[in-house]
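Heads up: the structure comes next, in structure tokens.
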Amino acid sequence: MNVILIKDVAELGGKGDIVDVSDGYARNYLLPRQLAMKATAGAIKQSERLRQARIEAAAKQKADAEQIATSLVGARVVIGARASDEGKLFGSVGTHDIAEAVKKFTGVDVPSSIIRIDKAIKEIGLHEVTLQPHEEVVFSLTLDVIPA
């Protein structure tokens with residue numbers, strides 16, 4: 001049975017894709033959960049509009065990610081944290097702290113979910129963190145952790 005996916009279904013396809021699945025899978029799983037609809041002539045036209053909208057949304061997300069990357073590449077962000085005399089932090093610097101510091105120093109609002117830290121930042125000094133605003137856009141940012 002040919003169906004048009006209304007939502008993304010793991011290992012099957014994305015929103016707007018026309019896929020051929022077994023009748024039982026379509027009747028018992030996809031259609032009752034409103035993950036798909038039967039592929040009729042009118043539905044196929046609607047599927048093309050859904051697919052085009054998905055492509056445009058993906059292009060816009062990538063353009064936004066590239067804009068964030070160009071504004072932050074080479075930027076140095078300073079974060080003040082409480083530290084001991086030996087340079088060890090009381091606690092650590094997390095992704096939320098980094099997101100707040102980026103907004104404070106550059107004015108760019110960065111969600112903490114795109115910030116990747118290799119290992120916990122628990123001492124003062126320079127640290128590299130990776131930001132991935134889109135699956136195809138990855139860049140690094142230099143953090144300067146200073147005692148507050």
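The values are calculated or read from the model by the stated rules, or taken from the named source; none is laboratory data. Remember, it's a predicted structure, so these values are computed and weren't measured experimentally. Quick reminder, even Gly has a Cβ in these numbers, built from the backbone with ideal geometry, and neighbours come from all protein chains shown. Calculation scope for accessible area: heavy atoms of the full protein, side chains included, ligands and nucleic acids excluded. Shrake-Rupley method; radii C 1.70, N 1.55, O 1.52, S 1.80 Å.
If you filter the range 58-78 down to residues that are surrounded by 13 or more Cβ atoms within 10 Å (Cβ to Cβ) and charged (D, E, K, R), you find that the one that is nearest to Val129 (Cα to Cα) is Glu66. Among the residues making up the range 132-148, those that are of a type outside the set (Asp, Glu), under 18 Å from Ala83 (Cβ atoms) and either modelled with pLDDT of 90 or more or within 13 Å of the chain's Cα centre (by Cα) (or both) are Leu143, Val145, Ile146, Pro147. Applying the condition of being assigned to a helix (DSSP H, G or I) and modelled with pLDDT of 85 or more to the range 33-47 and asking which residue is most open to solvent (accessible area, probe 1.4 Å) yields Lys45. In this structure, Gly107 does not qualify as more than 30 Å from Val3 (Cα to Cα) and over 21 Å from the mean Cα position of the chain (by Cα). Residues being closer than 30 Å to Leu126 by Cβ, surrounded by 16 or more Cβ atoms within 10 Å (Cβ to Cβ), under 27 Å from the mean Cα position of the chain (by Cα) and not aromatic (Phe, Trp, Tyr) are entirely absent from the range 2-17.
When the strands (runs of 3 or more DSSP E) confined to the range 70-131 are screened for residues that are closer than 13 Å to Thr142 by Cβ, those reaching at least 2 such residues are found at 76-81. Among the residues of this structure, Gln52 counts as one that is at pLDDT below 90, open to solvent by 80 Å² or more (accessible area, probe 1.4 Å) and within 20 Å of His134 (Cβ to Cβ). Scanning the range 9-32 for residues that are among the small types (Gly, Ala, Ser) and either assigned to a loop (DSSP other than H, G, I, E, B) or touching a Ser or Thr at 6+ places or on another chain (Cβ under 6 Å) (or both) yields Ala10, Gly14, Gly16, Ser22. A Cβ distance below 9 Å, combined with a sequence gap of six or more or placement on separate chains, defines the contacts here; from the range 47-74, residues that are closer than 20 Å to Asp17 by Cβ and aliphatic (A, V, I, L, M) reach residues that are open to solvent by 50 Å² or more (accessible area, probe 1.4 Å) and not in a helix (DSSP H, G or I) in the pairs Leu50/Ile6; Leu50/Lys15; Ala53/Lys15. Considering the range 110-131, the residues that are within 18 Å of the chain's Cα centre (by Cα) and surrounded by 13 or more Cβ atoms within 10 Å (Cβ to Cβ) include one that is farthest from Ile79 (Cα to Cα), namely Ile114.
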